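Undergrad: Just passing along the structure, written as C-alpha cells.
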Amino acid sequence: MEGTREFEFKQSVSILKSTGRKAKNLGELRDNIAEVSPASLFHHTYQYFLKGHILEYTNDFAHWAGESIEERSLSEHLSNIDPYSCRNIDELRTELLRVIDRYRENFPEPREALPGEEFYFNETVTLTFLAGIRVRNLAEFLMAVRYADTASLYYHFYEARVRTGRDDFSRWTEEALGLGELARTIEGIDPFMHHIEGIREHIVEAVEETVRRGMEVIAP
C-alpha cells in the first residue's frame, strides 16, 4: 500500500571552475590525474552524463582518448571503469592510473593532441536547491519524472549513488510506497547505457507498468 511520506525533488547547478591544468599527451594526462583535486576527478567522471556527451564513452578521459588522440583501445578500457563500484575518489584515481599505466607499457609513445584539442582539467562547485516539486503517491511521481528538469534527474539518479550508494527514486518507492519490485527495476537501470533522457524514459516505463498492473488487480 502506498505510504504518505513525500518525495521532494531537488536540483543541482554546477558552476565550472578551471584548475589551470591541461594535457596534450597521455603522459601529461596521467600525471595530472595523479595530482588534481577529488572535485576535478568527480567532474570528469561522475558528472559526465550530465553534459550530454557521446554515449560511446563513460567519462571525459575516455572521450578525450578516443576523440582527440584517437587511442580507441585506451578509450574502451577507460570507459569500462565504473566509478560507482569504487569506494571513494582515491580508489577511482588509482584505477584510472592503473589503466593508463598498463596501456603505456604497450604503447609508450601515443600521439599528441592537436593544438586546441588538449585535455583541460576543470572542477565544479555544485549548488543544490529545492525544485518546487513534491509528490505523495505513484501517480504524482510519474508526472514529476516526466517533466522534471534533467539536472533534477541527474541529482536523484546519478549523484545520489555517490552520496548514499543508491538512487533516491528506488529508495523512496520501496521505503515510502512499499513497491519493492518497482524499486529494484529502477535501481537496475544501467547509468552507463543511457543518457539522462533515456533514464527518464526507462523510469517512466517502469512506473507505468506498475500502475497498469495495479489497475488490473483492482478491475472487476
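We did not get these values from a lab; they are worked out from the coordinates using the rules stated. Since the model is a prediction, treat every value here as computed from it, not as a measurement. Methodologically, a virtual Cβ is constructed for each residue, glycine included, from the backbone with ideal geometry; neighbour enumeration extends over all protein chains shown.
Undergrad: Mind running the shape call on region 155-207? Use the C-alpha gyration tensor, a ≥ b ≥ c as the square roots of the eigenvalues: rounded below 1.5 for a/c, prolate if a/b tops b/c, oblate otherwise.
TA: Oblate is the answer for region 155-207, as a/c is 1.5 or above yet b/c matches or exceeds a/b.
Undergrad: What's the local net charge at A23, with K and R +1, D and E -1, over the other residues with C-beta under 12 Å away?
TA: Cβ neighbours under 12 Å give a net charge of -3.
Undergrad: May I ask for the longest run of the chain untouched by GluC sites (Glu not before Pro) that are loop-located per DSSP and have at most 15 neighbouring C-beta atoms (other than their own) within 10 Å?
TA: Counting only loop sites that pass the neighbour cut-off, the longest clear stretch is 118-220.
Undergrad: Can you show me the helix-derived [θ] at 222 nm for the chain, built from DSSP H runs with n ≥ 4 at -39,500 (n - 2.57) apiece and divided by the number of residues, rounded to the nearest 500.
TA: -14500 deg cm²/dmol
Undergrad: I've got another one for you. Gain in length, N80 to D101, computed as 0.36 nm per residue apart minus the alpha-carbon separation, to one decimal in nm?
TA: Numbers: separation 21, 0.36 × 21 = 7.56 nm, distance 1.54 nm.
Working it through step by step, the gained length comes to 6.0 nm.
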